[in-house]
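Chemist: Got a structure here, written out as structure tokens. Questions coming.
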Amino acid sequence: MEIFNTTIFKNKIVVVTGGTSGIGQAVSIAFAQKGAKVWALGLQTDKAVYPAGLDIETVEMDVTDKTAVDQFFSKLDRIDTLFNGAGMGSISEHELDTYRKVLEVNLTSVFYISEVAAKALAKSDNPSIINVSSLYANFGSAIAPAYSCSKGAIDQLTFSHALSFAEAKIRVNAVAPGWIDTPLIQPLKDIPEVFNGIMQRSPMSRLGKPEEVANVVLFLASDAASFINGTIVKVDGAYSIF
Ligand SMILES: NC(=O)c1ccc[n+]([C@@H]2O[C@H](COP(=O)([O-])OP(=O)(O)OC[C@H]3O[C@@H](n4cnc5c(N)ncnc54)[C@H](O)[C@@H]3O)[C@@H](O)[C@H]2O)c1
């Protein structure tokens, strides 16, 4: 079933961080299938596979590498959509170095990349930034304090950037996915009692698909969302209200 017209993003330039896996990969494919030129930034580009014939160019780039970020964005004159999808978690987030690393990847890089991309975004006729929040923006986490801090702060960064970029007409929103079937949650799927616990409290009794998040991202980037700004859209199958 076609949800969006196949040319809705024709001639649009889309930058996707974390475009090499999971949600970001699905977002890259979805935009390209609707006509966009997509720059998919991330790690392990050699392992990323996309359907043939799509205009997706991968760039191996650590989002915390300021020089690489500056160099990449200096090449782009106009950007229509920036999807800040790169993210990570760790089982050792109570260690200071790991705590700092998770915040650097999940939060600080989003701040910096958005600031750097703003000039090229301002040249679009419907520019927008879409960040990735989480259930953990509101839930605490005993094992992942850095991840939950980073996602709580992503909501606040989304609100703040929506205000600071409003004059340039750049809309800034976020999606807040629930449990989505990507490599990020494989370690949890590998522990049956943890995974069964997640399924038991999931009202829809299933994981979300990366494509289901991508569809919402496309809507937020489209002209249909032209007055949606500073909003966090939950894509969680009602997990957060159960
Ligand atoms: N999967 C879920 O259930 C879920 C739920 C809520 C939020 N999220 C968020 O969605 C986003 C995407 O996660 P995913 O589930 O697709 O995970 P994933 O592990 O499949 O993909 C993560 C992506 O981030 C990239 N990345 C990680 N560290 C990077 C770095 N230093 N520099 C550049 N790229 C880096 C990876 O290369 C990869 O492309 C993350 O922000 C994650 O926190 C995921």
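The values are calculated or read from the model by the stated rules, or taken from the named source; none is laboratory data. It should be emphasised that the depicted structure is a prediction, and the values quoted were computed from it without experimental measurement. Reconstructed Cβ throughout: ideal geometry from the backbone, glycine too, with neighbour counts over all protein chains shown. Just so you know, the surface numbers come from the protein's heavy atoms only, side chains and all, with ligands and any DNA or RNA stripped out. Shrake-Rupley method; radii C 1.70, N 1.55, O 1.52, S 1.80 Å.
Chemist: Considering the stretch 24-50 alone, what residues qualify as being away from the ligand (no atom under 11 Å from the Cβ), in contact (Cβ under 8 Å) with a residue 40 or more places away in the chain, open to solvent by 10 Å² or more (accessible area, probe 1.4 Å) and closer than 15 Å to GLY85 by Cβ?
Modeler: ILE29, ALA30
Chemist: Does the stretch 1-21 hold any residues that are open to solvent by 30 Å² or more (accessible area, probe 1.4 Å) and of a type outside the set (D, E, K, R), and which are they?
Modeler: Selection gives MET1, ILE3, PHE4, ASN5, THR6, THR7, ILE8, ASN11, ILE13, SER21.
Chemist: Tally time: how many residues in the stretch 91-112 are near the ligand (Cβ under 10 Å from one of its atoms) and open to solvent by less than 20 Å² (accessible area, probe 1.4 Å)?
Modeler: Residues flagged as near the ligand (Cβ under 10 Å from one of its atoms) and open to solvent by less than 20 Å² (accessible area, probe 1.4 Å) within the stretch 91-112 amount to 5.
Chemist: Just to be sure I understand, how many residues within the stretch 26-49 are closer than 24 Å to ASP70 by Cβ and part of a loop (DSSP other than H, G, I, E, B)?
Modeler: Residues that pass the stated criteria total 4.
Chemist: Turning to a different aspect of this structure: Restricting to helices (runs of 4 or more DSSP H) lying wholly in the stretch 129-240: which have 2 or more residues that are in contact with a Leu (Cβ under 7 Å, 6 or more places away or on another chain)?
Modeler: The helices (runs of 4 or more DSSP H) meeting that bar are 145-164, 192-200.
Chemist: Give the residues of the stretch 51-95 that are closer than 21 Å to ASN11 by Cβ, without any contact (Cβ under 8 Å) to a residue 60 or more places away in the chain and in contact with a Ser or Thr (Cβ under 6 Å, 6 or more places away or on another chain), sorted by residue number.
Modeler: Correct list: ILE56, THR58.
Chemist: Something else now. In this structure, does LYS75 turn out to be more than 13 Å from the ligand (Cβ to nearest atom), among the basic types (Lys, Arg) and over 21 Å from ALA26 (Cβ atoms)?
Modeler: Details: more than 13 Å from the ligand (Cβ to nearest atom): yes; among the basic types (Lys, Arg): yes; over 21 Å from ALA26 (Cβ atoms): yes.
Taking the combined requirement at face value, the residue satisfies it.
Chemist: Which one is most open to solvent (accessible area, probe 1.4 Å), of the residues in the stretch 78-90 that are of a type outside the set (S, T, N, Q) and away from the ligand (no atom under 15 Å from the Cβ)?
Modeler: ARG78
Chemist: If the Cβ limit is 7 Å and pairs must be 6+ apart or interchain, which residue in the stretch 177-197 that is free of Cβ contacts under 8 Å to residues at least 60 places away in the same chain pairs with which residue that is within 6 Å of the ligand (Cβ to nearest atom) and open to solvent by less than 60 Å² (accessible area, probe 1.4 Å)?
Modeler: Between residues of the stretch 177-197 that are free of Cβ contacts under 8 Å to residues at least 60 places away in the same chain and residues that are within 6 Å of the ligand (Cβ to nearest atom) and open to solvent by less than 60 Å² (accessible area, probe 1.4 Å), the close pairs are ILE185/TRP179.
Chemist: A further question follows. Could you grab me the full set of residues in the stretch 113-133 that are open to solvent by 10 Å² or more (accessible area, probe 1.4 Å) and more than 16 Å from LEU76 (Cα to Cα)?
Modeler: Listed by number, the residues that qualify are ASN126, VAL132.
Chemist: Which residue, of PHE159, PHE242, is under 24 Å from ARG100 (Cβ atoms), open to solvent by 40 Å² or more (accessible area, probe 1.4 Å) and either modelled with pLDDT under 95 or in contact with a Gly (Cβ under 7 Å, 6 or more places away or on another chain) (or both)?
Modeler: Values: PHE242 fails: under 24 Å from ARG100 (Cβ atoms).
Result: PHE159 is the single residue among PHE159, PHE242 that is under 24 Å from ARG100 (Cβ atoms), open to solvent by 40 Å² or more (accessible area, probe 1.4 Å) and either modelled with pLDDT under 95 or in contact with a Gly (Cβ under 7 Å, 6 or more places away or on another chain) (or both).
Chemist: So is SER150 under 20 Å from THR64 (Cα atoms), under 17 Å from the mean Cα position of the chain (by Cα) and touching a residue at least 12 places away in the same chain (Cβ under 8 Å) or not?
Modeler: Here the answer is yes, as SER150 does meet what is asked.
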